[in-house]
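Data first, discussion second: the structure below is written as C-alpha cells.
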Amino acid sequence: MTNESVIKKVQHKLCSAKFVAVLTGAGISADSGVPTFRGAEGLWKQHRAEDLASPHAFAHDPKLVWEWYSWRRELIATKVPNLAHEALATMAGRFSSFVLMTQNVDGLHGMAGSQDCLEMHGNIWKVRCTKCFTVTENRDLPIVFPPQCSACGGLLRPHIVWFGEPLDPPVLDRCMHALQSCDVLLVIGTSGVVQPAASFAMMVKSAGGYTVEINLDPTPSSGSIDIVITGKAKDVVPLLCENSIQDV
Ligand code: NAD
Ligand code: ZN
C-alpha cells in the first residue's frame, strides 16, 4: 500500500473512533531538533544516555549526571513544538476520550497546548529532593552543582524515571486504562525498546483495539502493528488530523 492509501485508511478508522490513545517517543521531538538517544547525535562526551540516566550513575557521580542534564536542558530550552505536537493538541478535542502518553521529558506537548499529557518518564524541567522527595519546577540554566532543596538542603535530582526505575503507579494506571479502552492507538516516533511502552501496542491489540505506527524506520513492533506509516511525524500527524475533520 502507498503511504497515501495507508493514511486514508487511518483517517477512516479515526472517524469512527470514540476513544483515541497516543504514545509518543523521542522521534516526535526530533522534528523540533531535540536529539534522540539512539540517533547519531545521541552520544554526549562519549557517554551513552543509558549509562547516565540511571540511579547507579547518579549515586556514583551526581556531578557528571547533572552536567549531562544541564547540557540537555540548555539544548531543549531553545526548541519549540512542531506541527505534530500541535496537531495532537488539536486532535484531543475531537474524540469523546483522548489520552496522550509520552516517553518524552522535554515538555513540548504541554507547550503545544496538550492538557493532561501523561509524562510517563517525568519532565526535565522538574527536580526532586533526594531527602524529602518534594518535587518542584526548576528552569535554572545552567544548573549549578550541587543543586540543593530549599526546604531541607538535600541534593536535588532530575524528576525523571531513570532506566531501572518503576513508573509512577497512578500514571501507569491511567495508561493501562487507556490501553484497555481505546479504539485506536497511534504510536509515534518511538523505537519500541523501552518497557513498558514497548508492549503498549500488543496490549491494545489484545483488548481488540486498532494500532497505527508512525516512524521513519521499522521498529521491533512494526510486524505486529495493524498499519505502519513511514515518514516524519511532523509530516504525517497533521494529515491524520486535517482529514478527519473533513470526513466527520
Ligand atoms: P528512541 O531514541 O529510542 O527512538 C526514536 C524513534 O523515533 C526511532 O524509532 C526513530 O526511527 C524515530 N524517529 C526519529 N526521527 C523521527 C521523525 N522525525 N518522525 C518519526 N519518527 C522518528 O526514543 P524512545 O523510543 O522515545 O525511547 C528513548 C528514551 O529516551 C525515552 O525513555 C525518553 O524518555 C528518552 N528521550 C527523551 C527525549 C525527549 O524528551 N525529547 C529525547 C531523547 C530520549
Ligand atoms: Zn528536601
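The values are calculated or read from the model by the stated rules, or taken from the named source; none is laboratory data. This structure is a prediction, so every number in the text was calculated from the model and none was measured. Cβ coordinates were reconstructed from backbone atoms using ideal geometry, including for glycine residues, and neighbour counts include every protein chain displayed. For the accessible areas, the whole protein counts, side chains as well, though only heavy atoms, and no ligand, DNA or RNA atoms are used. Shrake-Rupley method; radii C 1.70, N 1.55, O 1.52, S 1.80 Å.
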Q: Within region 118-141, count every residue that is outside any strand (DSSP E or B), hydrophobic (A, V, I, L, M, F, W, C) and away from ligand 1 (no atom under 16 Å from the Cβ).
A: 3
Q: Pull up region 76-123, narrow it to residues that are within 9 Å of the chain's Cα centre (by Cα) and among the acidic types (Asp, Glu), then point me to the one that is farthest from Val22 (Cα to Cα).
A: Asp106
Q: State whether one or more residues within region 185-192 are farther than 26 Å from Gly33 by Cα, open to solvent by 10 Å² or more (accessible area, probe 1.4 Å) and in contact with a helix residue (DSSP H, G or I) (Cβ under 7 Å, 6 or more places away or on another chain).
A: no
Q | Residue list for region 226-243, restricted to those being closer than 21 Å to Gln103 by Cα, charged (D, E, K, R) and in a loop (DSSP other than H, G, I, E, B) | A | Lys232
Q. Filtering region 80-106 down to residues that are open to solvent by 20 Å² or more (accessible area, probe 1.4 Å) and farther than 16 Å from Leu240 by Cα, which residue is farthest from ligand 2 (Cβ to nearest atom)?
A. Ser96
(Q) For the list (1) near ligand 1 (Cβ under 8 Å from one of its atoms); (2) touching a strand residue (DSSP E or B) at 6+ places or on another chain (Cβ under 6 Å), I need the number of the one condition that Ala21 fails. (A) (1)
Q) How about region 193-211: which of its residues are within 21 Å of Asn3 (Cα to Cα) and either open to solvent by 20 Å² or more (accessible area, probe 1.4 Å) or within 16 Å of the chain's Cα centre (by Cα) (or both)? A) Ala201, Tyr210
Q) Restricting the search to region 1-15, which residues are among the polar types (S, T, N, Q) and part of a helix (DSSP H, G or I)? A) Asn3, Ser5, Gln11
Q. Would you say Val144 is within 16 Å of ligand 1 (Cβ to nearest atom) and part of a loop (DSSP other than H, G, I, E, B)?
A. no
(Q) Are there helices (runs of 4 or more DSSP H) fully within region 16-115 with at least 2 residues that are closer than 30 Å to Met203 by Cβ and at pLDDT 95 or above? List them. (A) 26-30, 55-60, 83-91, 108-112
Q | Close pairs from region 46-75: first more than 16 Å from Val34 (Cα to Cα), partner open to solvent by 50 Å² or more (accessible area, probe 1.4 Å) and part of a helix (DSSP H, G or I), Cβ under 7 Å, at least 6 apart | A | Ala57/Asp51
Q | Selected residue [within 16 Å of ligand 2 (Cβ to nearest atom) and either over 24 Å from Ala53 (Cα atoms) or assigned to a loop (DSSP other than H, G, I, E, B) (or both)] from Gly208, Gly164, Gly153, Gly223 | A | Gly153
Q | Which numbered condition Gln115 misses (of (1) crowded, with 18+ Cβ neighbours inside 10 Å; (2) of a type outside the set (Val, Ile, Thr); (3) out of contact with any Pro (no Cβ under 7 Å at 6 or more places or on another chain)) | A | (1)
Q) Using beta carbons and a limit of 8 Å, which pairs, at least six apart or on different chains, have the first residue in region 139-167 and not assigned by TED's automatic domain parsing to the domain that holds Asn104 and open to solvent by 70 Å² or more (accessible area, probe 1.4 Å) and the second one of a type in the set (Phe, Trp, Tyr) and not in a loop (DSSP other than H, G, I, E, B)? A) Arg139/Trp125; Phe145/Trp66
